[in-house]
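Each reported figure results from applying straightforward, stated rules to the coordinates on display, with no laboratory input. These figures come from a predicted structure and were not determined experimentally. Cβ atoms come from the backbone with ideal geometry, glycine included; neighbour counts cover every protein chain shown.
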Amino acid sequence: AGRLVCVGTGIQLAGQISPISQSYIETADVVFSLVTDGFSTRWLNELNDDVRSLQTFYAKEGEIKSRRQSYDEMVEAILSQVAAGKLVVCAFYGHPGVFACVSHMAIKQAKQLGYKASMLPGISAEACLWADINVDPGNVGFQSLEATQFLLYNHVINPYSYLLLWQIALAGEHTLTQFSTTEAKLNILVEHLQQWYSLSHEVIIYEAANVAFQQPRVETITLAELPTADLNAISTLVVPPVAQLTLNQQILTKLNITAAEIG
Ligand code: SAM
């Protein structure tokens, strides 16, 4: 019977994949891949003879095609191989199910059709981020949002914790047909963020290194500089907290403790 396993390859080539995920890639009948660079593609080809790239479903140059349609076609291609009775492994860069919808859609559909389907975790861009900027997200917490969703819906930002905006280079690109945003849309984003942060607030453009010999990009700019900053498909925006944690006096009273007693 056909079966589907979605695995993550991590962000950094070859070194960040878990042994169990690699073993699934090696033993799969068919591997579908969605990775960002040529190195990773070549490396996957060494692990399995039948690796098929899902990139081919994205719009070709000059073509206008919604990413939603591309995702549907990817899921269809994956499911057809599961239905053919194969062990199908989908290898996505990073974590297969973090800010990545194809794995979730394919697993859901496979299960609905009665096939076994599961996901194995991988090292996401966010996992690399905390390591590279030397911050424990547990210290003050963090919010993690897709930049366009942050613009289009009423999210409430917590100024006491970190804010991560994913797909910052696509902020406000609601048509799902373009692969970059514009300075005008980034200006709207900055204006929106000014409800919580000043224009001089320092933010970080973060890009984890894809290969071991590269350094991560950790570039500090002011919020005002964001619209003209150099952003690309792998950039994540990190907005550090603007306010210091304050004690909740009501809860302290209920717990019958004083500030001095807190460890
Ligand atoms: N599944 C991926 C993961 O686990 O990291 C995330 C995929 S999401 C569709 C793409 C977004 O992830 C990018 O726009 C960026 O925000 C973030 N991202 C991907 N690669 C990155 C990298 N090397 N450094 C920083 N952020 C990255």
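Assorted remarks:
- Helix 183-193 axis, angle to the chain major axis (alpha carbon atoms, nearest 10°): 50
- Taking the longest Cα principal axis of the chain as reference, the axis of helix 38-47 is set at about 50 degrees.
- Sparse packing (at most 11 other Cβ atoms within 10 Å of the Cβ) combined with a DSSP loop state is found for the following chymotrypsin sites (Phe, Trp or Tyr not before Pro) in the stretch 152-229: TYR153, PHE213.
- Amide H contacts of ARG3 (H built 1.01 Å from N, in plane; Pro and chain starts excluded): LYS86, LEU87, VAL88 sit under 5 Å, all sequence-distant by 5 or more or on other chains.
- Taken as Cα centroids, the stretch 105-171 and the stretch 1-52 sit 22 Å apart, rounded to the nearest whole angstrom.
- Under 19 Å of direct C-alpha separation, and excluding same-chain neighbours fewer than eight residues apart, LYS108 reaches these lysines: LYS86, LYS116.
- Protection proxy ranking of 254-263, 58-67, 16-25 - average other beta-carbon atoms within 10 Å, highest first: 16-25, 58-67, 254-263
- In nm, spacing of pseudo-spin labels at GLU63 and ASN158 (7 Å Cα→C-beta vector): 4.2
- Applying the criteria of a DSSP loop state and at most 13 other Cβ atoms within 10 Å to the GluC sites (Glu not before Pro) of the stretch 112-192 yields no site.
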